[in-house]
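Working notes for the structure below.
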Amino acid sequence: MSETVYDGFGRVTEEKVPDLVTPTTLVTKSTTAYTDTGMPRKMQTTHYLDAANSFDVITYLDGFDRKIQERKEAETANTYAVKDFAYNNLGLP
């Protein structure tokens, strides 16, 4: 049993899964916030490891809704592992 919450555009905003200790209780696995104003667009997902620990993944999208950069939060505060994405004239990676 799990639960997925969507926004008005059909995008996932929250995912819940059964708690490991109490399987009848759902706990938040991840939440996603979307920033659609300006370019590039941004999608920030927080992944919850447990009640006290989480990490963020920030994804930047171009006008064609393709990933152009992904930033994963590292263990050190305000430090991210960054991966850039590029596409050719046909839109292929």
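The values are calculated or read from the model by the stated rules, or taken from the named source; none is laboratory data. Predicted model only: the values in this text are computed from it and were never measured. Cβ atoms come from the backbone with ideal geometry, glycine included; neighbour counts cover every protein chain shown. Heavy atoms of the whole protein, side chains included, go into the accessibility calculation; ligands, DNA and RNA do not. Shrake-Rupley method; radii C 1.70, N 1.55, O 1.52, S 1.80 Å.
With a 1.4 Å probe and every protein chain left in place, work out the accessible area per residue of the chain in Å², rounded to a whole number.
Numbers: 6790 Å² over 93 residues.
Per-residue accessible area for the chain comes out at 73 Å².
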DSSP loop (so not H, G, I, E, B), at most 13 other Cβ within 10 Å: list which chymotrypsin sites (Phe, Trp or Tyr not before Pro) in the chain pass both filters. F9, F64, Y87
Per DSSP, loop GluC sites (Glu not before Pro) in the stretch 17-93 with at most 10 further Cβ within 10 Å: E75
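Carbon and sulfur together cover what percent of the accessible area of the stretch 45-93 at a 1.4 Å probe radius?
Details: 1870 of 3680 Å².
Carbon and sulfur together cover 51 percent of it.
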With +1 at each Lys and Arg Cβ and -1 at each Asp and Glu Cβ, the charge dipole magnitude of the chain around its Cα centre, to the nearest 20 debye, comes out at 260
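Mind giving me the FRET efficiency for K83 and T13? R0 is 25 Å, r the Cβ-Cβ distance, nearest 0.05 is fine. If you can, show how the numbers build up before the last one.
Working: r = 24 Å, r/R0 = 0.94.
After rounding, the FRET efficiency stands at 0.60.
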For the chain, set up a GNM with springs between Cα atoms under 10 Å and report which of A51, A74, A33 has the largest fluctuation. A51
When we measure straight from the Cα of K83, which lysines land under 24 angstrom away, once same-chain ones fewer than 8 places off are left out? K29, K42, K67, K72
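Based on the Cβ-Cβ distance of F64 and M1, what FRET efficiency does E = 1/(1 + (r/R0)^6) give at R0 = 25 Å, to the nearest 0.05?
Values: r = 36 Å, r/R0 = 1.45.
After rounding, the FRET efficiency stands at 0.10.
Quote the convex hull volume per residue of the chain, based on C-alpha atoms, as a whole number of Å³. Show your work: numbers first, answer last.
Details: hull volume 12.2 nm³, N = 93.
Here the figure is 131 Å³ per residue.
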